[in-house]
Amino acid sequence: MAKTLLLLVLFIFTLSCEGNKSGEDYRVAIFISGEGRMQKVKGFIQGLKDLGLGNVSIDTYKGDNTLKKIRELAVELYQMQDSYDLIAVGGSLEAHMLKSNGKLTTPVVILGGTSILAWKLTKELSLPSEGITGVDNLNAELMEKRMELFAQTFPDIKKVLVFCTPKFEASKRATQITVRSAKKFGVKVVPVSVADVMELEYIISNMREDGFKAIVLTPCFYTENFLTSYILHYANFYQIPVFCHSPELVKKGCHVAYGTPSYEQGYQASHIAYRLLRGAKVRDVPFERTYYPRFAINEKALEELAVNYNREIYSFADEVVR
């Protein structure tokens with residue numbers, strides 16, 4: 001009887017210890033380039049709550065879409081990293097900025113990054129080597145599929161503009177893939193980099209004169225955080241179809257999109273963060289690729305365009321916004 005009682009006490013004590021461990025308070029820093037990545041943050045925070053980590057103190061470092069501010073925050077956060085149990089970053093750019101300051105001693109999780117190997121954020125996705133892991137959103141690799149879907153949606157359009165920021169690996173690589181893959185479908189893609197909104201409006205308002213009849217967005221912090229809303233505004237005004245990389249943008253007026261929603265990327269990353277917060281080493285937590293990219297269509301926006309499109313695309317769309 002005494003032995004049974006002792007075992008019962010030990011069992012209860014073990015449970016209480018496990019309960020205390022899961023009830024620990026954690027400090028997490030979230031570092032994003034701008035407001036355009038907040039959906040990833042929302043998914044990440046909700047994921048932590050669903051995993052039972054409601055006791056997480058979060059500090060947010062937001063770069064306001066300017067490289068100068070992003071670099072300054074990266075330096076500040078690098079110097080303070082030991083104050084946190086984990087650092088979550090919005091994309092590959094933020095991880096690169098953080099890593100450029102030196103060796104990372106606090107685990108870093110990317111909430112959804114592009115061209116992770118090209119940014120040299122690890123030597124292998126299966127074996128993180130730089131103190132960084134997270135979610136690879138495949139946004140560069142998916143550009144070929146996007147161009148295939150674009151050609152099926154707009155079979156009469158043969159010249160397209162791509163807004164990009166060539167000095168960033170994600171945008172440069174995605175643009176290269178877009179230009180190369182578009183040729184397979186008989187589409188000419190011309191990359192364009194813009195400095196400000198005035199230049200953007202000028203290009204969109206005059207692009208038809210040069211035979212360009214559509215816009216394809218490539219993943220990049222600048223377009224994702226700042227230019228997308230302006231591109232959609234001017235494109236709709238001048239009756240220019242836009243193909244986006246996130247289904248979430250379809251709800252904001254984009255005509256068609258293919259990719260994994262930012263919210264889901266952040267939510268997926270929360271499971272990686274959970275393992276690290278519970279004691280796993282970064283090198284033992286491989287990068288994960290996003291699940292189930294989706295083809296989304298904004299029916300109302302398409303109907304309002306003075307552009308012919310293939311109505312059969314509705315038969316294989318994953319989501320239609322009306």
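No lab work stands behind these numbers, since they all come straight from the coordinates. Predicted, not measured: the structure shown is a model, and the values here were computed from it. Cβ sites come from the backbone with ideal geometry, for glycine too, and all protein chains shown count toward neighbours.
How much mean residue ellipticity at 222 nm does the chain get from its helices, if each DSSP H run of length 4 or more adds -39500 (n - 2.57) and you divide by all residues, to the nearest 500 deg cm²/dmol? Could you put the intermediate results ahead of the total?
On the way: 10 runs with 125 residues, N = 322.
Mean residue ellipticity at 222 nm (helix-derived): -12000 deg cm²/dmol.
Over the C-alpha trace of the stretch 176-269, radius of gyration and Dmax come out as 13.7, 44 angstrom.
What percent does the relative contact order of the stretch 212-277 come to when contacts are Cα pairs within less than 8 Å and at least six residues apart? Don't skip to the end; give the middle numbers.
Details: 61 pairs, mean separation 16.9, N = 66.
After rounding, I find 26 percent.
Taking every Cα-Cα distance in the stretch 99-145 and sorting them into 5 Å bins starting at zero, the pair-distance distribution P(r) comes out as 5, 21, 31, 25, 11, 5, 2, 1 percent. Please give the helix 67-80 orientation as an angle from the longest Cα principal axis of the chain, in degrees from 0 to 90, rounded to the nearest 10. Once rounded, one gets 10 degrees. Whole-Hz Karplus values for the stretch 92-102 come out as 5, 4, 5, 5, 4, 4, 5, 5, 5, 7, x Hz, taken residue by residue from phi with 6.51 cos²θ - 1.76 cosθ + 1.60 and θ = phi - 60°; glycine and proline positions read x.
Which value, to two decimals, describes the C-alpha radius of gyration of the chain once divided by 2.2 N^0.38 Å? Mind dumping the intermediate values first?
Details: Rg = 22.3 Å, N = 322, 2.2 N^0.38 = 19.7 Å.
It is 1.13.
Overall dimensions of the stretch 128-204, expressed as equivalent-ellipsoid semi-axes from the Cα gyration tensor (√(5λ), whole Å, largest first), are 25, 19, 10.
Summarising the amide proton neighbourhood of Lys159: residues at separation of 5 or more, or on other chains, whose placed amide H is nearer than 5 Å comprise Lys188, Lys213. Evaluated with a Cβ-only charge set (Lys, Arg +1; Asp, Glu -1), the chain carries a dipole of roughly 620 debye about its Cα centre, given to the nearest 20.
For Cα pairs less than 8 Å apart in space and 6+ apart in sequence, what is the mean separation divided by the residue count of the stretch 82-168, i.e. the relative contact order in percent? Don't jump to the answer; show the numbers that get you there.
Numbers: 102 pairs, mean separation 20.7, N = 87.
Relative contact order here is 24 percent.
Rounded to whole numbers, the Karplus 3J(HN,Hα) couplings from phi for the stretch 185-199 are 10, x, 10, 8, 10, 10, x, 9, 10, 10, 9, 7, 5, 4, 5 Hz, using 6.51 cos²θ - 1.76 cosθ + 1.60 with θ = phi - 60°, and x at Gly and Pro.
Under a Gaussian network description of the chain, with springs only between Cα atoms under 10 Å, the residue in Ala280, Ala140, Ala235 that fluctuates furthest is Ala280.
Within the same chain, lysines fewer than 8 places from Lys184 are excluded, and of the rest, those with a Cα less than 28 Å from its Cα are Lys145, Lys158, Lys159, Lys167, Lys172, Lys213. Applying 1/(1 + (r/R0)^6) with r as the Cβ-Cβ distance of Asn101 and Glu209 and R0 = 41 angstrom yields a FRET efficiency of 0.30.
Dipole orientation for the stretch 201-322: of the candidates Tyr230, Tyr309, Cys220, Cys220 has the Cα lying most toward the positive pole (charges on Cβ; Lys, Arg +1; Asp, Glu -1).
For the chain, set up a Gaussian network in which alpha carbons nearer than 10 Å are linked by springs, and say which option among Tyr238, Tyr78, Tyr292 fluctuates the most. Its mean-square fluctuation being the largest, the pick is Tyr292.
Dividing the mean sequence gap of close Cα pairs (under 8 Å, 6+ apart) by how many residues the chain holds gives a relative contact order of 20 percent.
With Kirkwood's inverse mean 1/r over C-alpha pairs for Rh, give me the Rg to Rh ratio of the stretch 87-234, two decimals please.
Rg divided by Rh gives 1.03.
Considering only Leu93, Gly253, Ser181, and ranking their Cα positions along the charge dipole of the chain that arises from unit charges at the beta-carbon of Lys, Arg, Asp and Glu, the one farthest toward the positive end is Ser181. With springs only between Cα atoms under 10 Å apart, run a GNM on the chain and tell me which of Glu24, Glu169, Glu264 wobbles the most. Of Glu24, Glu169, Glu264, the Gaussian network model singles out Glu24 as fluctuating most. Fully extending the segment from Lys123 to Glu319 would add 67.0 nm, taking 0.36 nm per residue of separation and subtracting the current Cα-Cα distance. Computed over Cα pairs, the Kirkwood radius of the stretch 243-292 leads via Stokes-Einstein (0.890 mPa s, 25 °C) to a diffusion coefficient of 197 µm² per second. Amide H contacts of Ala140 (H built 1.01 Å from N, in plane; Pro and chain starts excluded): Ser115 sit under 5 Å, all sequence-distant by 5 or more or on other chains.
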